[in-house]
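Quick notes on the structure that follows.
The values are calculated or read from the model by the stated rules, or taken from the named source; none is laboratory data. For clarity, every value in this text was computed on a predicted model and none was experimentally measured. When we count neighbours, we look across all protein chains shown, and the Cβ atoms used for this are built from the backbone with ideal geometry, even at glycine. Please note that ligands, DNA and RNA were not included when accessible areas were found on the heavy atoms of the full protein model with its side chains. Shrake-Rupley method; radii C 1.70, N 1.55, O 1.52, S 1.80 Å.
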Amino acid sequence: MTDRYAVFGHPIAHSKSPLIHAAFAHQTGQDMTYEAILAPLDGFADSVAAFVAAGGRGANVTVPFKEAAFKIAQRLSPRAARAGAVNTLSFAADGILGDNTDGAGLIADLTRNLKRTLAGQRILLLGAGGAARGVLEPLLEQQPATLVIANRTLSRAEELATLFGHGIRAATFEAADTPFDVVINATAASLAGELPPLSPRIFGADTLAYDMMYGRDTPFLDFARAHGAATADGLGMLVEQAAEAFYLWRCVRPDTTAVIASLRA
Ligand code: ATR
């Protein structure tokens, strides 16, 4: 029987995940389907339960259900536990396993696709919400020289810095005003077409500015480019987090390069 997978979100119509996983399945010869499911805002757990009852083997979870997915998981991978959020569910005989592949996706995109070494580098992470928290541990594992979390609400950045330790510094946007090697935008500002009040001094000639959002140029990327930084959107991260989920479910690593290229085209 063909194995069923899905992505749950709200909204979900514009999700690229079905396309990405169909490409992975085709490429690796896996017998599986992958659909997009619009879960009601107050009905995520029921929606997942119905999918499991219908034979679902695994699922991805996107906005706004990553914390809800964390709650319904009966077991958590260590990285999901630290992230406080789940983007990948596996439905096994002994229950629901929750994992989080977002951080691994970001690291794979930065290091493999964009050829950036993060060890010993100065990293500025913008935002202190769920998206930022989800990538903190994998970023720390790369052993950067400095990791600063800058956020509109300083107290949220301070909370994350305390939670994750390792000498992370918390700052307001305005207070971060020295050059960084990599600046990652994990705020929701790009979604609203807004630019956080950043100092242009965070960008140097070798800075990479990375926006976790994908699909269009954001005010953040425009601003970074205008101040001499190289830029990248989050499409590579999207494909890489999908590849990591695919690997968890199918024990096969798809080739992401061709899939990223075809999505860009
Ligand atoms: P997500 O899961 O996408 O991270 P979230 O947990 O609601 O969503 O967090 C949103 C993040 O984007 C927060 O860091 C938020 O800043 P505050 O903590 O001050 O709320 C940030 N954010 C949202 N809109 C923003 C804007 N227009 N400018 C700057 N930061 C913004």
Between Lys115 and Arg264, the two model label points (7 Å from Cα along the beta-carbon direction) sit apart by a distance in nm of 1.3 nm
Expressed per residue, the solvent accessible area of the range 103-233 in Å² (1.4 Å probe) is about 44 Å²
So, relative contact order of the chain in percent, Cα under 8 Å, 6 or more apart, is 16 percent
Neighbours of Leu76 by Cβ distance under 15 Å: Lys/Arg at +1, Asp/Glu at -1, summed charge +1
With Cα springs under 10 Å, the Gaussian network model of the chain assigns the largest mean-square fluctuation among Leu238, Leu160, Leu106 to Leu160
Projecting the Cα atoms of Thr231, Leu38, Asn60 onto the charge dipole of the chain, where Lys and Arg contribute +1 and Asp and Glu -1 at Cβ, the residue farthest towards the positive end is Thr231
FRET efficiency for Ala93 and Thr257 from the Cβ-Cβ distance with R0 = 35 Å, rounded to 0.05, comes out at 0.50
For the range 207-253, shape from the Cα gyration tensor axes a ≥ b ≥ c, cut at a/c of 1.5 then a/b versus b/c, turns out prolate
Rounded to the nearest 10 Å², the accessible area of Val86 using a 1.4 Å probe with every protein chain kept is 0 Å²
Once the in-chain neighbours fewer than 8 apart are removed, the aspartates and glutamates whose Cα is under 13 Å from Lys66 read Asp99, Asp102
Once Arg152, Arg79, Arg57 are ranked on solvent-accessible area with the largest value leading and a 1.4 Å probe, the list reads Arg152, Arg57, Arg79
Full extension between Glu35 and Ala205 adds, at 0.36 nm per residue less the Cα distance, a length in nm of 56.9 nm
Net charge (Lys, Arg +1; Asp, Glu -1) of residues whose beta-carbon lies under 12 Å from that of Pro197, Pro197 excluded, is -2
Taking protein heavy atoms only, a 1.4 Å probe, and rounding to whole percent, the accessible area of the range 70-135 owed to carbon and sulfur comes out at 54 percent
Projected convex hull area of the chain, Cα atoms, direction-averaged, in nm², equals 13.5 nm²
Taking a ≥ b ≥ c as the square roots of the Cα gyration tensor eigenvalues, with a/c under 1.5 meaning rounded and otherwise prolate when a/b beats b/c or oblate if not, the range 103-233 comes out rounded
Rounded to the nearest 5, the percent of DSSP beta bridges in the chain running antiparallel is 20 percent
Out of Tyr210, Tyr247, Tyr34, a Gaussian network model of the chain with alpha-carbon springs under 10 Å gives the largest mean-square fluctuation to Tyr247
Between the modelled labels at Ala188 and Ala13 (7 Å from Cα along Cα→Cβ) the distance in nm is 2.1 nm
Residue separation between Leu154 and Gln74 times 0.36 nm, minus their alpha-carbon distance, gives in nm 25.5 nm
Toy charge model, Lys and Arg Cβ at +1, Asp and Glu Cβ at -1: the range 32-150 dipole around Cα centroid in debye, rounded to 20, equals 460 debye
